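Let me begin by presenting the structure, written as structure tokens, before commenting on it.
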Amino acid sequence: MTTLEKTHALSIQNREEFWGQQAHRIHWESPHDKVLEFDHPPFAKWFVGGRTNLCYNAVDRWLKTQADQAALIWVSTEVNKEIVFTRSDLFREVNAFAAMLKAQGVSEGDRVLIYMPMIPSAVFAMLACARIGAIHSVVFGGFASVNLAQRIDDAQPTVIVSADAGSRAGKVTPYKPLLDKAISLCNSPPKAVIIEDRGLHEMNWVDGRDQDYASLREQYLGQTVDVTWLESSQPSYILYTSGTTGRPKGVQRDTGGYAVALATSMEYIYDGHPGETFLCTSDIGWVVGHSYIVYGPLIAGMATILYEGTPVRPDGGILWRLVQDYKVSVMFSAPTAIRVLKKQDPELLGKYDLSSLRALYMAGEPLDEPTATWISQGLGKPVIDNYWQTETGWPILAAQPGIEKRPTRFGSPSFPVYGYDVKILDEQTGQELGAGQKGVVAIFPPLPPGAMSTVWGDDERFVQTYFTSIPGRQVYSTFDWGLVDQDGYWFILGRTDDVINVAGHRLGTREIEESVNSHPAIAESAVVGVSDALKGQVAVAFVVLKQPERFDVVTGQPALAKEIMRVVDDQLGAVARPAAIQFVTALPKTRSGKVLRRAIVAVCEGRDPGDLTTIEDPATLEQIQKHT
Ligand code: AMP
């Protein structure tokens with residue numbers, strides 16, 4: 001057995017010993033009585049009886065050794081500002097924010113909804129909630145009123161924290177009118193709204209409800225607020241994620257388990273160390289932002305970069321400039337961001353000193369081999385794919401260089417992470433499958449520390465949604481397909497809910513996409529299953545070209561379409577060949593970069609595309625419509 005396998009085996013066979021050792025990585029005000037309580041499966045409680053606090057671990061704990069070192073580095077290419085907050089600056093700002101929340105009547109267990117762009121006060125607000133034991137719920141700034149109203153009604157926050165506006169690629173998006181509309185739509189309006197006025201957009205203030213952040217800050221700066229010690233299982237936050245029903249699920253996270261899980265991952269997976277800098281290009285509205293912009297790096301004594309901007313402004317070298325200027329040692333991004341960079345001048349990769357960078361981690365969607373190869377060769381650094389979900393809060397599958405360095409394989413997020421008893425199961429029989437067999441990626445409970453503890457306010461929904469889809473056994477379904485190869489490398493093959501069935505053959509759209517993308521003319525593609533009277537479904541590929549000017553519509557595109565089909569024929573077999581290749585200039589995506597497959601399918605099938613509040617550019621869907 002390799003060291004990695006031994007560590008994994010210990011973490012499953014002797015959970016209490018493994019996690020009992022990891023618990024020492026964080027500060028506990030009082031120790032736990034029991035590492036794990038699993039009397040009511042699938043509900044698990046970790047470090048029962050222990051009392052701790054996320055804010056204390058992220059901020060106060062590092063004051064002795066790192067008071068004057070950078071903790072939060074804010075870079076905005078939208079408003080052209082860079083501010084470095086030391087750990088003591090962070091302490092001061094978070095305490096001021098905590099004092100203002102308390103003054104608004106927020107106390108332990110109350111919810112605070114944070115609807116903010118990527119600005120420092122958003123992070124102060126999150127940490128301030130953690131400090132006083134309030135439960136934050138960050139809602140992605142790209143969501144609009146109806147989504148926001150649903151979340152307000154579900155979380156019932158005492159206070160909402162927001163700003164006048166966000167900015168993306170130089171375009172200002174006003175937040176306040178969306179928030180006002182959401183509050184008018186919901187049944188549980190907050191008592192108070194704290195607004196940061198960035199001077200980006202005019203606002204209508206609601207008397208008696210809206211409070212100006214700058215004035216409150218002035219009033220409370222210098223106050224210190226005592227840490228509220230929480231029992232380990234008390235909730236730290238709620239993060240809404242979409243499911244199949246359209247009603248968002250509030251993923252509820254614990255406190256002690258999460259802190260331990262993040263601290264452990266920072267060493268074992270991300271190989272990050274105190275005093276170093278972490279750059280994660282996600283958004284605080286997503287789970288990656290919670291875990292690896294805010295809590296993970298700060299708990300581990302690292303500085304973290306909060307970046308407001310796109311990867312291509314002022315040019316495609318901006319992320320590498322940040323790596324150079326702030327000596328970033330660990331970087332975390334998403335394949336989409338790298339695919340965007342692929343279309344930029346490749347010279348930009350060589351322009352900056354990237355010697356501080358040890359590795360680039362990628363997650364959130366499948367990392368296709370051409371993108372992985374391109375970036376890994378361009379950077380000359382390891383590219384590490386890691387696979388997880390909002391629900392788990394930290395990786396399920398990943399290379400774990402902090403335990404043992406093993407070769408990675410492009411297209412594979414490597415191996416199961418300690419703590420996850422993850423298996424590939426047959427979706428019909430629930431039986432475990434062998435090497436090379438495709439099945440559902442499932443986790444045998446208990447879920448490890450830091451993973452979702454329940455659906456906010458709805459234990460039944462937690463059990464029903466996640467633990468009942470595999471026949472005969474109560475296991476957690478990730479709703480992803482996967483397989484393990486002969487050498488133990490894992491592969492994720494797309495969502496079980498995006499599976500397509502062509503003439504009785506099950507196909508993963510992801511496999512077809514990889515094949516299409518391997519054609520050198522293709523920048524990216526989305527393959528969807530569209531209903532077909534004869535075959536049940538057929539695959540249709542929407543492709544974005546690297547150099548569209550090279551392929552005219554009359555001769556160039558039809559010839560290229562044939563070539564792409566031939567590539568798929570050759571690589572996967574004719575059964576997987578898309579019935580049509582449609583050329584578009586961009587794919588419909590959410591602002592977090594996920595392709596809106598369901599909307600594409602709906603449009604292709606002449607149906608209503610449904611909720612489009614998260615779409616980055618509605619014109620992309622109109623292009624799809626033209627092809628149907
Ligand atoms: P989210 O909860 O939005 O982070 O989405 C989680 C889903 O994204 C997973 O269930 C997967 O379908 C997909 N995903 C996340 N990371 C990866 C990865 N490294 N490779 C393939 N798919 C991934």
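Values as computed for the structure displayed
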item: Relative packing of 553-560, 511-518, which averages over residues the other C-beta atoms within 10 Å, highest first; result: 511-518, 553-560
item: Taking all pairs of distinct alpha-carbon atoms in the stretch 528-601, Kirkwood radius in angstrom; result: 13.6 Å
item: Placed amide H near A303: partners under 5 Å, 5+ positions off or other chain; result: G275, E276, T277, F278
item: Set of lysines with alpha-carbon distance to K327 below 16 Å, sequence-local pairs under 8 removed; result: K351, K381
item: Cross-link partners of K176 among aspartates and glutamates (Cα-Cα below 17 Å; sequence separation of 8 or more within a chain); result: D164, E196, D197, E202, D207, D210, D212
item: Karplus 3J(HN,Hα) series, Hz, for the stretch 113-129 with 6.51 cos²θ - 1.76 cosθ + 1.60 (x for Gly, Pro); result: 9, 10, 10, 9, x, 7, 10, x, 4, 5, 6, 4, 5, 4, 5, 5, 4
item: Greater than 27 Å apart at Cα, pairs in K81/K181; K589/K626; K191/K594; K6/K438; K405/K546; result: K81/K181; K191/K594; K405/K546
item: Where only alpha carbons of the stretch 293-367 are counted, the Rg and the Dmax (Å); result: 12.5, 37
item: Compactness of the stretch 196-238, expressed as Rg and Dmax over alpha-carbon positions, Å; result: 16.0, 43
item: Kirkwood Rh, angstrom, the stretch 407-536 [1 / mean 1/r, Cα pairs]; result: 16.5 Å
item: Rounded FRET efficiency, nearest 0.05, which uses the C-beta distance separating T628 from D345 and R0 of 22 Å; result: 0.05
item: Under the Karplus curve 6.51 cos²θ - 1.76 cosθ + 1.60, θ = phi - 60°, whole-Hz ³J(HN,Hα) for the stretch 8-21, x wherever Gly or Pro sits; result: 4, 4, 4, 5, 9, 6, 9, 4, 5, 5, 4, 6, x, 5
item: E460-Q431 FRET efficiency (beta carbon distance; Förster radius 25 Å; 0.05 resolution); result: 0.35
item: Cα principal axis extents for the chain, largest first, Å; result: 70, 57, 51
item: Where GluC sites (Glu not before Pro) fall in DSSP loop in the stretch 188-285, at most 16 other Cβ within 10 Å; result: E202
item: Amide hydrogen neighbours beyond the local backbone of T392, cut-off 5 Å, H modeled; result: M452
item: Residue-averaged 222 nm ellipticity for the chain, from DSSP H runs of 4+ at -39500 (n - 2.57), nearest 500; result: -8500 deg cm²/dmol
item: Largest-first principal axis extents, alpha carbons of the stretch 472-628, Å; result: 54, 38, 33
item: Pairs of Cα atoms farther than 22 Å apart, the stretch 101-249, %; result: 37 percent
item: For the stretch 560-628, alpha-carbon Rg over 2.2 N^0.38 Å; result: 1.24
item: HN-Hα J in Hz across the stretch 586-595 - Karplus 6.51, -1.76, 1.60, θ = phi - 60°, x for Gly and Pro; result: 7, 9, x, 9, 6, 5, 8, x, 7, 5
item: 10 Å binning of all Cα-Cα separations within the stretch 138-222, expressed as whole percents from 0 upward; result: 17, 51, 28, 4
item: Residue-count net charge about S184 - beta-carbon cut-off 14 Å; Lys, Arg +1, Asp, Glu -1; result: 0
item: Under 10 Å, Cβ to Cβ, from K351 - net charge with Lys/Arg +1 and Asp/Glu -1; result: -3
item: Within the chain, percent of DSSP bridges classed antiparallel, to nearest 5; result: 60 percent
item: Angle between the chain longest axis and helix 87-103 axis [Cα atoms, degrees, rounded to 10]; result: 80 degrees
item: Prolate/oblate/rounded call for the stretch 1-151, Cα gyration tensor, a/c under 1.5 rounded; result: prolate
item: Selection of trypsin sites (Lys or Arg not before Pro), the stretch 12-77, meeting DSSP coil and at most 12 other Cβ within 10 Å; result: none
item: Shape of the stretch 363-415, Cα gyration tensor, a/c cut at 1.5; result: oblate
item: 14 Å Cα-Cα reach of K423 towards aspartates and glutamates, excluding residues that sit fewer than 8 places from it in its own chain; result: E432, D480, D485
item: Cα-based shape type of the stretch 242-376, given that a ≥ b ≥ c are square roots of the gyration tensor eigenvalues and the cut on a/c is 1.5; result: oblate
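Bear in mind that the values in this text are calculations on the coordinates, not laboratory data. What you are looking at is a predicted structure, and each value in this text was computed from that prediction instead of being measured. Glycine also receives a Cβ, built like all others from the backbone with ideal geometry; neighbour counts cover every protein chain displayed.
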